[in-house]
Each structure stands twice: as structure tokens, then as C-alpha cells.
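What follows is a single structure, written as C-alpha cells, with notes after it.
The values are calculated or read from the model by the stated rules, or taken from the named source; none is laboratory data. Just so we're clear, the structure is a prediction, and the values are computed from it rather than from any experiment. Counting neighbours? That spans all protein chains shown, and the Cβs are built from the backbone with ideal geometry, glycine included. For the accessible areas, the whole protein counts, side chains as well, though only heavy atoms, and no ligand, DNA or RNA atoms are used. Shrake-Rupley method; radii C 1.70, N 1.55, O 1.52, S 1.80 Å.
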Amino acid sequence: MSAPVTPTLLYLDNITVSFDGFRALNALSLAIDHAEMRAIIGPNGAGKTTMMDVITGKSRPTQGAALFEGLHDLTALDEAAIAELGIGRKFQTPTVFEMHSVEDNLLLSVKNKRDPFSALFSRRTSSERERIDALLERVRLSSQRYRKAGELSHGQKQWLEIGMLLAQEPKLLLIDEPAAGMTDQETADTADLLREIAKTKAVVVVEHDMSFVRDLGVKVTCLHEGSVLAEGSLDAVSSNERVIEVYLGR
Ligand SMILES: Nc1ncnc2c1ncn2[C@@H]1O[C@H](COP(=O)(O)OP(=O)(O)O)[C@@H](O)[C@H]1O
Ligand SMILES: [Mg+2]
């Protein structure tokens, strides 16, 4: 039998992840389209981070498949191979190189990913410079180009890290709680930034801040006990009785 043809970029099919018999993900199925942004909400322990772990190869499901572009089963690949396919992940805590300038942080990501030393010390080409100009512009850090990353605000560090992910030209970005610790203005700017990115790339964003999710204006999936509890517009999901019960803890 030939492989099923799917029009979706990412298709999680019936994924279960067990920790000593406890199901962090329980027959989870979810589809993300090309250049779709999806917000994932759900109470603590719902399985949001575990879902990202499965997509990036950090956790192995005991059941199910995770098809990327309809042909690669991510559950059979290691983390490096999955990154190579074009899946980038941003964790909650920024992991920029604090002692290096904003520009050099981007350069490190634009240049050969496997050789950071020569990336920093070899001459940059004009095409690399143009790439970096565009990335700085995109993540709103043009005026911070020569500052040490360690001197940026929390929000700016998050944007820099998003820029470093974009430098790798991913097809799918996974972002865990970008608005946590941000000011209201930074949160609003981050929603704008993600909306721009999602014009050309798929973005899956886990977030607790509902005003941020509202600003994103995209389809929302609510996870609970490792499965999809509700999916649709934020208004539809947040007025769903089961969702309300879960959030109120009844
Ligand atoms: N490595 C692990 N070992 C045991 N239990 C885990 C592990 N990782 C996650 N869990 C459990 O799986 C459930 C889902 O966790 P997680 O995916 O982090 O939820 P969320 O990100 O939605 O808060 C939680 O009950 C958590 O305690
Ligand atoms: Mg989590």
C-alpha cells in the first residue's frame, strides 16, 4: 500500500506518550496546514509541552505517527534530523549568546550551523549581511544591532531568539509561551511579529495569555489530559462548556 497523501504540513495521528503508565498524551490527533498559525491552550499538565517534545523528537510516543509534509514520520527521526527538515523550536527561556552582539547572534545562525567558531571569525559576505539586515528589521532589532544580547530587555531577547530561528529558514516554528514575562507593549508587538511570520511559515504557539491569543486571531486548540478538548475560534473554544469546566477545575 502506498503512503497516504495528506495536504497538511504536520499531522499528528493518534499519538500517545506514556510515563510509567500515565498518559501525558492520549491518542492526540491534530493537523497544521502550510503557513497556518495555531494557538494551543489548555490547563497545566494538559500535554502542551509534551506535544512539542514529540514533534521535535525529544519524546517518543508509544503509539501513533507524526507526519511532516505527508512523508516524514517524525517519530522515527532524531532531533537533529527533525531540525534539518525545517522544524525550529523556541523554548520559554531565551538562549541567546549574551556576550555577543545582536548581529553576531544572528550571524551565528545564518552561517553554517555546524561551525559556530568559523561563523564568528570568518569574513561575512554581502548576501549574509543582507540576510541579517532583513532579520533585524523583521524582529524589530535594527537599532540594537551592535548591543550585547545580554543587555536587551526580556522581550527583545525573545525576539532575537525568534530571529535566530528564522535564520535557519524553518517551515514550522514551535513557540512555547512567548508572552510570559513581557510588558503589554512587547506582548502586542510579539503578536504582530508572529502574524507576519505566519504569512509564510507555519507557527504553533502555546500560550496562557488570552489577550495575546485574541491578538493572534487564529484557530485555537484546547488540550486537556493529553487530547483535544475543543478546537475553533477563540470565542467558540472559550464559550465551550467542557473548556470552561476544565479551566474552573470542576
Ligand atoms: N518526563 C516526564 N516524566 C513523567 N511525567 C511527565 C514527564 N513530562 C511530562 N510529564 C507529565 O505529563 C503531563 C503533561 O505535561 P506537559 O506536557 O508538561 O503539560 P503542559 O505543558 O500542558 O503543562 C503532566 O502531568 C506532567 O507531569
Ligand atoms: Mg508546558
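Points worth noting:
- Rounded if a/c under 1.5, otherwise prolate or oblate - the range 1-84, Cα gyration tensor axes: prolate
- Selected from S126, S59, S101 as most flexible by GNM, with the chain as the system and alpha-carbon contacts under 10 Å: S126
- Residue-normalised accessible area of the range 1-108, expressed per residue, 1.4 Å probe, Å²: 46
- Charge dipole of the range 118-250 about the Cα centre (unit charges at C-beta), most positive-ward option of Q168, T125, V220: T125
- Crossing angle, helix 126-138 versus the chain [Cα axis fit, 0-90 degrees, rounded to tens]: 50
- Sulfur and carbon atoms: percent of accessible area, the range 126-171 [1.4 Å]: 45
- Shape call, the range 103-250: gyration tensor on alpha carbons, a/c limit 1.5: prolate
- Cα-derived Rg to Rh of the chain, Kirkwood definition: 0.98
- Summing Cβ point charges (Lys, Arg +1; Asp, Glu -1) relative to the Cα centre of the chain gives a dipole of roughly 500 debye.
- Packing-based order for 173-179, 72-78, using average beta carbon neighbours within 10 Å, highest first: 173-179, 72-78
- Per residue value of the accessible surface for the range 146-250 (all protein chains in place, 1.4 Å probe), Å²: 44
- Seen against the Cα atoms of the chain and their longest principal axis, helix 184-197 is set at about 90 degrees.
- The accessible surface of the range 73-112, taken with every protein chain in place and a 1.4 Å probe, is 56 percent carbon and sulfur.
- Computed over protein heavy atoms with a 1.4 angstrom probe, the accessible surface ordering of S143, S127, largest first, is S143, S127.
- Selected from G47, G163, G86 as most flexible by GNM, with the chain as the system and alpha-carbon contacts under 10 Å: G86
- When the chain is described by a simple charge dipole with +1 on each Lys and Arg Cβ and -1 on each Asp and Glu Cβ, the residue from Q144, T62, L234 located farthest towards its positive end is Q144.
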